[in-house]
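Student: Below are the structure tokens for one structure; questions will follow.
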Amino acid sequence: MELNDSIKTIKGIGDKTASAFARLGIETVNDLLLNYPRTYVTYEDPVDISDLQAGSRQSVRAVVNSRAEIRKVHGLTIVILYAKDFSGTIKLTWFNCPFLRNFFHIGQEFVFVGNVAYKGGMMTMTQPEYYTDDKYGELTHVWQPVYTVTPGITSKTIQKAVRGAEEVIDRLEDYLHDNVLDEYHIMGIQKAIHSIHFPQDEQKLKGAVKRMAFDEFYSFISNLHRIKDDNVYAENTCIINCDEEVRTFIENLRFKLTGAQMNAVRDMLDDMRSEHVMNRLVQGDVGSGKTIVAAAGLYAVAASGYQGVIMAPTEVLAVQHYKELSSLFEPYGISVGLLTGSMTAKEKREMYSRIKNMDVQVVVGTHALIQDKVEYGRLALVVTDEQHRFGVKQRERLASKGEAPHTLVMSATPIPRTLAIIMYGDLDISVIDELPAGRIPIKNCVVDESYRKTALGFIMKEVSQGHQIYIVCPMVEASEVLDDVANVTEYTEELKKSIRDGYGADTSVVCLHGKMKAEEKNRILQDFADGKISILVSTTVIEVGINNPNATVMMVENAERFGLAQLHQLRGRVGRGNLQSYCIFMSGKKDKDTMERLNVLEKSNDGFYIAGEDLKMRGPGDFFGIRQSGELMFKVGDIYNHADMLRAAQDVYDRYGQEIDAKLINKGDDRLYTMPVL
Ligand SMILES: Nc1ncnc2c1ncn2[C@@H]1O[C@H](COP(=O)(O)OP(=O)(O)OP(=O)(O)O)[C@@H](O)[C@H]1O
């Protein structure tokens, strides 16, 4: 068996299982081994029902004392069961598992494991796992991997398959020399792959995750350098020289640019007229006004007879940019085009030809902008918004469509300068470290469940003043089988009911989630922008870039489950105009550590400070870190948590990069260049 063989070479995997694996993107043994668990869980000794604590994942040993009841709500089948021990009763709920109805019988004892919540006067678990006592005994106190699954494939199936491929793991050759491994305290590849799938203890697991992070960083850095060598020193073939015009454009804006924005514009104009092509990163905290800097750049190229494109990470943001840029450029006769994945084939064809003919000077879009079919007229500038959402290869691909267009990358990632220099090694950096004048600081509070009623009262008061509200729905934990969509839908219904019952008000509450079709999301966000929706309940899809200055309250449920940097991004959705805005962080836990961590947000509005504090406060159990928004999308690497590996990767690249490349290329091993990150 070899890495590139089909997983069907593993004993026990036939056509049917293989096609289920294919749905997870796993076709070869290599894919299987690189498919790391999402997280790990440990199974602790069961506690008494009366000792359960809402907000934590716990287990109870209890006897079924009701028949399973089935309800249908919004197309979901819900199974409800009650079980008791000597100390109390617990309510258990499962979604879309109708087969459970006949599985449980009164009098049977099980160990139930799941996230505990206090609802309707009693302790509940949603989507709990259930085990017989014997089975549970086998699981306790061992780290158990939890993988992303699909119908036909469970975590157990994946574990068994990896076991079947162990002989391949034992033959893996490391691209790092033993002396490099020793010097940088990096775990060897065989041990790392083994430990990531079958962790024996916390220490080994941490070491394995670090090794994987190293590989991701190394691969990223080595690719970055290839691009840099090809691109950065390219000759500037689109000299843009129109400072006067840009000055007029800026003077005519409805607001005055901050000093930091002006500096960024100046850096950009200097670059675009210099002898080399521009590769610049504009880094600025949420709401610091990066879009207008990009607009000035796009204006400059359009005014010089060239074309500029701006690529957004989501369709929703693309539409928002399109509207804003259209209204900014209309007075100057610059025409703006939109190109997104959800347009009809005919609309796309029309836009392709308008782009090619220079009928539009500025093009806004999503990934659709880098499709092979798109041919540009005279492409001179590529702006990518939140570049991490694209990855280096895509950026390279778009850049390759013009002769050698300038690139401007906008990022709100609060990343310390030393790390930024490594991560954005191919870019010059302008920092916008000043907020527009007249912003009123956001008022924050970190609260627990007991504040829920007061919070709703506050929200309704803001609504009555014509302001709008974001609620970011509880995030589903990796160990929960319930998905974000079911969760956000259920939450919205409950909220509507509380508003009806408590206020009798006819408030428009709408739910938004990532699985909706692009048009539907756009329509909802447009309605929100137009003030037709008062309360928008959503998963974190609103996190990046949405701009509605009339929104004054952001309430984040289960704030403890988010990284601080991500909460800071979420908070950045309010306080974008001149209205006093508020952020309510609702915590499901009230222990000292959680409160201390969240209180950092109360203390500061500075993204850099917050990211630094978050790093200091990470618990030892956060193997994969809490996913931060704005971070480059590594699978396991976390630039804050694994900052040592990031530095090590840079160092190893500098010292041994050529040797490693030569070795891998000689062997025809392209693993480093096919890492999924890129
Ligand atoms: N100098 C300024 N004075 C007043 N308002 C400004 C200024 N610059 C930008 N704005 C406004 O501030 C809001 C936020 O700007 P923008 O959307 O560009 O932020 P951003 O830096 O992209 O933030 P995010 O990372 O959160 O998307 C917009 O409504 C914009 O029109």
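Student: Of the accessible area of segment 230-432, with the probe set at 1.4 angstrom, what percent is carbon plus sulfur?
Tutor: The value for segment 230-432 is 47 percent carbon and sulfur by accessible area.
Student: Using label points projected 7 Å from each Cα along Cα→Cβ, tell me how many nm separate residue 63 and residue 547, to one decimal.
Tutor: Result: 6.4 nm between the two label points.
Student: Quick one: with all protein chains in place, what share of the accessible area of segment 443-604 is carbon or sulfur, to the nearest percent (1.4 Å probe)?
Tutor: Solvent-exposed carbon and sulfur of segment 443-604 make up 48 percent of the total.
Student: Cα-based Rg of segment 1-81 per 2.2 N^0.38 Å, rounded to two decimals?
Tutor: 1.74
Student: Take the Cβ-Cβ distance between residue 592 and residue 148 as r, set R0 to 35 Å, and report the resulting FRET efficiency rounded to the nearest 0.05.
Tutor: Efficiency computed from Cβ-Cβ geometry: 0.60.
Student: May I ask for the percentage of alpha-carbon pairs in segment 443-604 that lie more than 24 Å from each other?
Tutor: Of all Cα-Cα pairs in segment 443-604, 29 percent lie more than 24 Å apart.
Student: On to the next question. Considering the Cα trace of segment 223-375, what is its radius of gyration and what is Dmax, both in angstroms?
Tutor: Taking only Cα atoms of segment 223-375, I get Rg and Dmax of 15.8, 44 Å.
Student: Oh, and also: Can you tell me the accessible area per residue over the chain, all protein chains present, probe 1.4 angstrom, in square angstrom?
Tutor: 44
Student: Here is a further query. With r defined as the distance between the Cβ atoms of residue 266 and residue 440 and R0 fixed at 41 Å, what FRET efficiency is calculated, to the nearest 0.05?
Tutor: So the FRET efficiency works out to roughly 0.90.
Student: With label points built 7 Å along Cα→Cβ from the Cα atoms of residue 132 and residue 501, find their separation and express it in nm.
Tutor: Going by the 7 Å Cα→Cβ label model, 4.1 nm.
Student: Over all distinct alpha-carbon pairs, what is the Kirkwood Rh of the chain in angstrom?
Tutor: Every distinct Cα pair counted, the radius reaches 27.4 Å.
Student: Can you give the local net charge around residue 43? Use residues other than it whose beta-carbon is closer than 11 angstrom to its beta-carbon, Lys and Arg +1, Asp and Glu -1.
Tutor: Summing Lys and Arg as +1 and Asp and Glu as -1 gives -2.
Student: Could you work out the relative contact order of the chain, using alpha carbon pairs under 8 angstrom and six or more residues apart, expressed as a whole percent?
Tutor: Once normalised by length, the contact order is 13 percent.
Student: Moving on to the next point. Just to check, using Stokes-Einstein with a Kirkwood Rh over alpha carbon pairs, what's the diffusion coefficient of segment 43-142 at 4 °C and 1.567 mPa s in µm²/s?
Tutor: Result for D is 95 µm²/s.
Student: Shifting gears a bit: Do the sum for the chain: with -39,500 (n - 2.57) for every DSSP H run of n ≥ 4, divided by all residues, what is the mean residue ellipticity at 222 nm, to the nearest 500 deg cm²/dmol?
Tutor: Counting only the DSSP helices, I get -12000 deg cm²/dmol.
Student: What does the net charge come to around residue 65 if you take all other residues with beta carbon closer than 15 Å to its beta carbon, with K and R at +1 and D and E at -1?
Tutor: Residues close to residue 65 contribute a combined charge of +1.
Student: Report, to the nearest whole %, how much of the accessible area of segment 33-149 belongs to carbon and sulfur atoms, 1.4 Å probe, protein only.
Tutor: 50
Student: Hey, another quick one. With labels modelled as points extended 7 Å from the Cα through the Cβ direction, what inter-label distance (nm, one decimal) is found for residue 253 paired with residue 421?
Tutor: 3.0
Student: Quick check: net charge around residue 77, other residues with Cβ under 10 Å of its Cβ, Lys/Arg +1 and Asp/Glu -1?
Tutor: Net charge in that neighbourhood comes out at +3.
Student: For the charge dipole of segment 33-122, defined by +1 on Lys and Arg C-beta atoms and -1 on Asp and Glu C-beta atoms about the Cα centroid, which residue among 104, 86, 55 has the Cα displaced farthest towards the positive pole?
Tutor: 104
Student: Please sort 249-256, 376-383, 203-210, 93-100 by packing, taking for each peptide the average over its residues of neighbouring beta carbons within 10 angstrom, highest first.
Tutor: Ranked by mean Cβ neighbours within 10 Å, highest first: 376-383, 203-210, 93-100, 249-256.
Student: Tell me, what is the FRET efficiency for residue 465 and residue 530 to the nearest 0.05, using R0 = 22 angstrom and their Cβ-Cβ distance as r?
Tutor: Here the calculated transfer efficiency is 0.80.
Student: Give the relative contact order (percent, whole number) for segment 43-142; include only Cα pairs under 8 Å separated by 6+ residues.
Tutor: 30
The values are calculated or read from the model by the stated rules, or taken from the named source; none is laboratory data. Just so it is clear, the model here is predicted, and its values are computed rather than measured. No Cβ is skipped: glycine too gets one built from the backbone with ideal geometry, and neighbour counts run over all protein chains shown. Heads up: the accessible areas ignore ligands, DNA and RNA and are worked out on the full protein's heavy atoms, side chains in. Shrake-Rupley method; radii C 1.70, N 1.55, O 1.52, S 1.80 Å.
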